[in-house]
1. Excluding ligands, DNA and RNA, what is the solvent-accessible area per residue of the chain at a probe of 1.4 Å, expressed in Å²?
2. Could you identify which residue out of LEU105, LEU113, LEU31 has the top mean-square fluctuation in a GNM of the chain using Cα springs shorter than 10 Å?
3. Rounded to the nearest 20 Debye, what is the dipole magnitude of the chain about its Cα centre when Lys and Arg each give +1 and Asp and Glu each give -1 at the C-beta?
4. Add -39500 (n - 2.57) for each DSSP H run of 4 or more in the chain, then divide by its residues: what number comes out at 222 nm, to the nearest 500 deg cm²/dmol?
5. If the reach is capped at under 17 angstrom between alpha carbons, list the lysines near LYS71, excluding any in the same chain fewer than eight residues apart.
6. Once the Cβ-Cβ distance between LEU77 and LEU41 is put in as r, and R0 is 35 Å, what FRET efficiency do you end up with, to the nearest 0.05?
7. Would you be so kind as to identify which of LEU55, ALA122, PHE28 lies farthest towards the positive end of the dipole of region 25-134, taking Lys and Arg as +1 and Asp and Glu as -1 on Cβ and the Cα centre as origin?
8. Taking a temperature of 20 °C and a viscosity of 1.002 mPa s, what whole-number D in µm²/s does Stokes-Einstein yield for region 60-121 with Rh from Kirkwood over alpha carbon pairs?
Amino acid sequence: MTERKPPGVSFESFVDRQIREAADRGEFEKLPGWGKPMASLDAPYDELWWIKGKLHREGFSALPPSLALRKEAEDALEKVREARTERRVRDVLTEVNEKIRAALLRPPPGPPLNLTEFDVEAAVADWRAGREGA
């Protein structure tokens, strides 16, 4: 917490001293994003940049739940293609199947779901065949 500016000290020198002392203590080292370019420098200005970033960091989606689940199912298939082990294939598909099963029992609001559970054994067999052919 910063201290209050003492009377009689110019604002600039007060702030400069606090920054210098914090740098001496190492408080500016290894901050999140250190050494990475700022992604928003070349982007056009967006008044809602902070809100959109917060929603993204918190995992909120602008998609209706049914469309978000369809997207998650597509992502699961991509993870299956990239999986290194049969166990990982089974884990990914089991996880998404639980969400699909719940959505089929109680359909979410929005557009129709148009999904069925994945056949884990068939997906594992396809994954094995793809690994043997490579």
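1. Numbers: 11210 Å² over 134 residues.
That works out to 84 Å² per residue.
2. LEU31
3. Details: 23 positive and 25 negative charges, 45 e Å.
Magnitude of the dipole: close to 220 debye.
4. -19000 deg cm²/dmol
5. LYS79, LYS99
6. 0.50
7. About the Cα centre, the residue reaching furthest to the positive side is PHE28.
8. Estimated diffusion coefficient is 177 µm²/s.
The values are calculated or read from the model by the stated rules, or taken from the named source; none is laboratory data. The structure displayed is predicted, hence computed values, not measured ones. Backbone-built Cβ (ideal geometry, glycine too); neighbour counts: all protein chains shown. Keep in mind that these areas ignore ligands, DNA and RNA; they rest on the heavy atoms of the full protein, side chains included. Shrake-Rupley method; radii C 1.70, N 1.55, O 1.52, S 1.80 Å.
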